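K.L.:
Quick one: the structure is below, questions incoming.
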Amino acid sequence: NGAICIQRCSPSFHGEMSFVCEDRKWQMFADACASLDVQSLFQPVHGKPGHGAKYFGADDHGNSSCQADFSCIIPEILSSPAIPGNIADIVELLKKISLLLSENVNRGKMQSYIRIANHILNSSIVFNWAFVRERNAVSILLDSVNLFAGKLLLRNGSESIQEPFISTKGYSIHKNTSGKRFDFSMEFDNTGNITGHVVIPEEELLKLPKTSKAISIAFPTLGAIIETSRLDPGFVNGMVLSVSLPEELRHILLTFEKVNKLENVKAQCVGWHSTERRWDSKACTMKSDNISSVVCICRHHHRTFKSFSILMSPATLRNAALDYITRVGLGLSIFSLVLCLIIEAVVWHHVTKTEITYMRHFCLVNIAMSLLIADVLFILAAIVHHTALNYQLCVAATFFLHFFYLALFFWMFTLGLLILYGLLFVFFKITRSVFIATASSIGYGCPLVISILTVAITEPKNGYLRSGACWLNWYETKALLAFVVPALSIIVVNVVVVVVVVVKTGRSAVGEGCKSQDLRNMIRISKNVALLTPLLGLTWGFGLATIVESRSLAFHITFALLNAFQGFFILLFGTLLDRKTREALRMNCLSSKRKCSLAK
């Protein structure tokens, strides 16, 4: 019954997939036709595929216009509206064609296939892709087109087939061919055309053992469709270029004209990972970038990386003021932290005479050291990313950056615990060696465990790094939560500690004679925590806001200001505004003057 139905009925793509039969007596099979898998459209009535079998559209005598190029289904498809239900059906149709009818792909077959694909790649219906039920439909379409085009037979050594929104070109290549170039100029939308170029370098062609073929496909609207389908958070800023090459050829040169030619927009070369269905920056490195175009060197792999483009990621928003604030602020932060450590070294013996003050300054030194190393790593991570030195280096930089930023917060947490210890365990004293071991376990041990677990869980899935920066991923794996959750939790705990101190000292002032040395030290430490905790919380609160609202320049500038000046805040509130530290510095200066006078 299925075979008879396929002969007698034709597809109607108006609305959901349905069939209209040529005669009323066949209408009883309409429901059966509609329930058939799309693959059934291409099953033969007699014989096997490729042996003159009757495909969809054959008449009772076995004559078929679809045997050669399945052109009989094109009028119905092109006359149908490209609504979400139809888009999904056409994608499935193209997938089945690429799997079942990819033998002897001549020019006629390729033209029919491209005409069908062009219908759902039209720039006027991009928004309809947002409502396609199958979220991976656009990735399936890309894989299907790449598979089918890769089987294209070349006449006289070359072939070129173009529709407004998809174009295919192919050339015969061998090791004596000079560098082969594919040039595309296609309509993006009503505003005009964009261009793209694929070049196979001569040194790559020398690897060919025999004459082969190279196929390239250009999609001017596919990037916008990927964005609309919410398959990847990156903003594509050029056409998508696919290539089908012999396995011996691994590296190609691609030039993309930018759609958005704003000067402050940073471009990133990427390849589409066909198994993970996302843009991957590891596939390409940038050779040059100017206001109108980008040149990328990309690694072709026949299973994973066959399609390439450029991204304009909001996460890598570039602004002259933002860059200036970050550079100046980081410079001031590093200078402040170095000065803080020098001052602590100078006054150490004067300010660490009691157990409590020793513990306070020990925590402060480790806070300053952690942030100083994190600031230096921040600069190194930027250098590693911008020069595209090595993916492993970027992972290493991110790991240590994550570790030392966490260490900063866990040493703040240790400072908060120190306050509680001084207030609540008055008669329980711990030795310096026990404190150092306990504090180091919290300050460095906890960050180390979190950092190792984060990289161990997310890196095997290629979800550790965010696209466009040496820092934790947010969009795919939410690895950034391994920093945000501990940091914000510590801030909340330290705020509670400050409240406890206020309540405790208030009661002490009324009835307990609160002028003991230890209590005064606790109050001094609490002031440090009370000032630094909100500043750190505010800083990373704006850091989280830059992820949620990544296009807001105001959030980026505020975060850059607060983040860059954290070192200065630690110097100011942790060292310079501390009375005991200032007195120790004054004594040290007077002592130095006396020594100088005696020497003279």
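K.L.:
Starting from the Cα of L78, step 7 Å along the direction of its Cβ; do the same at V499; then give the gap between the two resulting points in nm.
P.N.:
Placing both labels 7 Å beyond Cα along the Cβ direction yields 7.1 nm.
K.L.:
Taking θ = phi - 60°, what integer Hz values does the Karplus form 6.51 cos²θ - 1.76 cosθ + 1.60 yield along the range 145-157, in sequence order, with x for Gly and Pro?
P.N.:
Running phi through 6.51 cos²θ - 1.76 cosθ + 1.60 with θ = phi - 60° gives 5, 4, 5, 5, 5, x, 9, 4, 8, 9, 8, 6, x Hz.
K.L.:
If a paramagnetic tag sat 7 Å from the Cα of L590 along the Cα-Cβ line, which residues of the range 326-350 would have the backbone N under 19 Å from that point?
P.N.:
Taking a point 7 Å out along Cα→Cβ of L590, the residues of the range 326-350 whose backbone N falls under 19 Å are 346-350.
K.L.:
Pulled fully out, how much extra length does the chain show between F335 and R181, if you take 0.36 nm times their separation in residues and subtract their Cα-Cα distance?
P.N.:
50.3 nm
K.L.:
For L577, what residues show an amide H to amide H distance below 5 Å, using hydrogens built from the backbone and excluding near sequence neighbours?
P.N.:
When sequence neighbours closer than 5 places are left aside, there are no close amide H contacts.
K.L.:
Using only protein heavy atoms and a 1.4 Å probe, report how much of L577 is accessible, in Å² to the nearest 10.
P.N.:
Surface open to solvent at L577 totals about 100 Å².
K.L.:
Taking amide H positions as placed in the peptide plane 1.01 Å from N, state which residues far from M312 in sequence (5 or more) or on other chains have amide H under 5 Å from it.
P.N.:
The list, which skips near neighbours in sequence, is F235, V236, N237.
K.L.:
Which of K109/K261; K180/K287; K169/K207; K353/K504; K151/K175; K175/K258 have a Cα-Cα distance over 27 Å?
P.N.:
K109/K261; K175/K258
The values are calculated or read from the model by the stated rules, or taken from the named source; none is laboratory data. Because the structure is a prediction, the values reported are computed rather than measured. With ideal geometry, Cβ positions are generated from the backbone for all residues, glycine too; neighbour counts draw on all protein chains shown. Only protein heavy atoms, including side chains, enter the accessible area calculation; ligands, DNA and RNA are left aside. Shrake-Rupley method; radii C 1.70, N 1.55, O 1.52, S 1.80 Å.
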